[in-house]
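**Q** My questions will all concern the structure given below.
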Amino acid sequence: MSAGARVRGAPVARVRIAIVAVALIAWEALAASGLLLHDVVPSLGKIAAALWKLVSTAPLYQNLGWTAYEIGVSLVIGGVAGVLFGLALGGNRFLSRAFEPYLHYLGPTPKIIFFPIMIMWFGVGGGSKIAMGSLSCFFPVALSTAVGMRQIEPVLVRVGKSFRASFAQMLVKIYLPAIRPAMLTGLRLGLGVAVIGVLLAETKLSNRGLGYLVIQRYTNFDMPGMYAILIVVFLLAIVANALLSRLGGSSSTTTV
Amino acid sequence: MSESRASAFTPIAAGLATVAGVLALVEAMIHAGWINRFVVPLPSAVLASFGRVIAEENVLWRTLYTGMEALAAGVMAALVGGAIGALLTRRRVLRLATETWVAAIAAAPIVLIYPLFLVVFGRNASTIVMIGFVAGLPPVILKTVEGLSGTRRVLIDVGRSFKLTTVQEFWKIRFPAALPTIFVGFRLGIMFALINIVGVEYLINFGGLGQLVNELAERYDLPAMYAAIFFVVLVSVVFFLVTERVERWLASR
């Protein structure tokens, strides 16, 4: 950031505009060149038209609503479970050493691989997608909350205990406020992976949701339509991430 | 000393005992008919199917296949990401203009564009490797920039006192000093690549371990499917541990 302060904003903005302009021109040139199979790289006009058609019709909002519901429920289930596990692991050294390695090592595994199990357990409908999202969300939230618990200043805990606070009071007055940044970082990371988990599951086996729309467009070789949905999905992911970052304040600097 | 060793071992034993206890409970509940065995297979049947999965499903070859895909994606990400990172470090305006974009891409659900890659590259290993490459690229770029721009001033001054050229300064001072940080990026990159590769293998039913899980699920061979999933987790954990050790070794040098 100090380097950023030294360099004036104008050249940076010019470079950004130049990069975007070059990328768009290169895209349009590739679309017009015919080097790739027809419509694999559609013209920007076609993508814009598909995007307009997409946002001005009802199916997007119906499927978006369904996906948002699945992600929201995933975030609640995975988030609450993650926070509870994180509180237990971060607050107890024995439990941490007994169980945290499992979370630590299971965290980076590809969660989509558990989807066949989720289908068996929760069916082919929304349940298995919510389960995928919850499972994906659980690990970053639990690990981040545990780290947050361990980073609570001991003086805060001592103050609570000196007031003879009950466990519930300690939780509400000391632990949760103290771990808020770490918890929100975990939830932000959890949201990101829950989005991926739910949407990938929808692309694999579903008849509704944005993931289903993507794979449906792919199956019908409707490339402009597929690009349009991908643009919407990425924009929504960015907006959701930014909103949670706002909530977390400076939490983005906290590491998991 | 032995007491402290025992106290260190107790939580690990408690963790293992809990896992074994849960599996035994599930086994008992399936035998009692409280859990449907056509939904959750017997843990003993899963254990027994490991030999079958290894012998009949070519799991070792599949692991090698997936590993080679991850390695190819990781090497590509290291070469391209390292070059881009070096360029961004050298051109500060470029860095300021694009670093937040790279960070945004790192947090974006890149794997969702796999249908697009299917159209461009076809349903083959190229699609899988390219998804891994794209997923692994941002951490390599970010950590290369962080490592190269964080070289201690005194080291650069020593180089200048020896009148090193820019290229010599890069290879003799900046790159070795940044190597531990760059390796962190490479490790993250190859982990992201592996996760995405196994995921896409499963989704498009092509390749190594991911395809194995999909095939076994479609065959409704539940014990073998669970064993294959366990195998994928095991490979991920081993991979994670090995790269973590290398990272610590590099950091301690």
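The values are calculated or read from the model by the stated rules, or taken from the named source; none is laboratory data. Everything numeric here is computed off the predicted structure, so don't read it as measured data. Neighbour counts run over all protein chains shown; Cβ positions are idealised from the backbone, glycine included.
**Q** Taking the options B:VAL46, B:VAL53, name whichever one is touching a Pro at 6+ places or on another chain (Cβ under 8 Å) and in contact (Cβ under 8 Å) with a residue 12 or more places away in the chain.
**A** Being touching a Pro at 6+ places or on another chain (Cβ under 8 Å) and in contact (Cβ under 8 Å) with a residue 12 or more places away in the chain holds for just one of B:VAL46, B:VAL53, which is B:VAL46.
**Q** Also: Inspect all residues belonging to the range A:11-19 and state whether any of them is closer than 28 Å to B:VAL120 by Cα, modelled with pLDDT under 95, of a type in the set (Gly, Ala, Ser) and touching a helix residue (DSSP H, G or I) at 6+ places or on another chain (Cβ under 8 Å).
**A** Of all residues in the range A:11-19, those closer than 28 Å to B:VAL120 by Cα come to A:16-19.
Remaining after also requiring modelled with pLDDT under 95: A:16-19.
Cutting the leftovers down to of a type in the set (Gly, Ala, Ser) gives us A:18.
With the extra rule that they be touching a helix residue (DSSP H, G or I) at 6+ places or on another chain (Cβ under 8 Å), the set shrinks to none.
Scanning the range A:11-19 turns up no residue that is closer than 28 Å to B:VAL120 by Cα, modelled with pLDDT under 95, of a type in the set (Gly, Ala, Ser) and touching a helix residue (DSSP H, G or I) at 6+ places or on another chain (Cβ under 8 Å).
**Q** Taking the condition farther than 30 Å from B:GLU57 by Cα, in a helix (DSSP H, G or I) and without any contact (Cβ under 8 Å) to a residue 60 or more places away in the chain, does B:GLY185 pass?
**A** Taking the combined requirement at face value, the residue does not satisfy it.
**Q** Is it the case that some residue within the range B:150-165 is buried (at least 16 other Cβ atoms within 10 Å of the Cβ), touching a Leu at 6+ places or on another chain (Cβ under 7 Å), part of a helix (DSSP H, G or I) and not hydroxyl-bearing (Ser, Thr, Tyr)?
**A** no
**Q** Shifting gears a bit: Restricting attention to the range A:177-187, does a residue exist that is within 30 Å of B:GLU218 (Cα to Cα) and in contact (Cβ under 8 Å) with a residue 60 or more places away in the chain?
**A** Looking through the range A:177-187, none of the residues is within 30 Å of B:GLU218 (Cα to Cα) and in contact (Cβ under 8 Å) with a residue 60 or more places away in the chain.
**Q** Of all residues in the range B:139-158, how many are over 21 Å from the mean Cα position of the chain (by Cα) and either of a type in the set (S, T, N, Q) or farther than 30 Å from B:MET76 by Cα (or both)?
**A** 6
**Q** Please find, among A:PHE99, A:PHE94, the residue that is among the aromatic types (Phe, Trp, Tyr), facing chain B (nearest Cβ under 7 Å), over 18 Å from the mean Cα position of the chain (by Cα) and crowded, with 18+ Cβ neighbours inside 10 Å.
**A** Matching residue, one of A:PHE99, A:PHE94: A:PHE99.
**Q** Condition test on A:GLY127, is it surrounded by fewer than 19 Cβ atoms within 10 Å (Cβ to Cβ) and either in the same structural domain as A:GLY72 (by TED's automatic domain parsing) or of a type in the set (Phe, Trp, Tyr) (or both)?
**A** yes
**Q** Look through the range A:213-230, keep the residues that are in a loop (DSSP other than H, G, I, E, B) and not hydrophobic (A, V, I, L, M, F, W, C), and return whichever of them is surrounded by the most Cβ atoms within 10 Å (Cβ to Cβ).
**A** A:ASP222
**Q** Would you call A:ILE179 in the same structural domain as A:PHE139 (by TED's automatic domain parsing), buried (at least 23 other Cβ atoms within 10 Å of the Cβ), touching a Lys or Arg at 6+ places or on another chain (Cβ under 8 Å) and not small (Gly, Ala, Ser)?
**A** In short, no.
**Q** Continuing with this model, one more query. Restricting attention to the range B:218-253, which residues are surrounded by 22 or more Cβ atoms within 10 Å (Cβ to Cβ) and either more than 15 Å from the chain's Cα centre (by Cα) or polar (S, T, N, Q) (or both)?
**A** B:LEU222, B:ALA224, B:MET225, B:TYR226, B:ALA227, B:ALA228, B:ILE229, B:SER236 - these are the residues of the range B:218-253 that are surrounded by 22 or more Cβ atoms within 10 Å (Cβ to Cβ) and either more than 15 Å from the chain's Cα centre (by Cα) or polar (S, T, N, Q) (or both).
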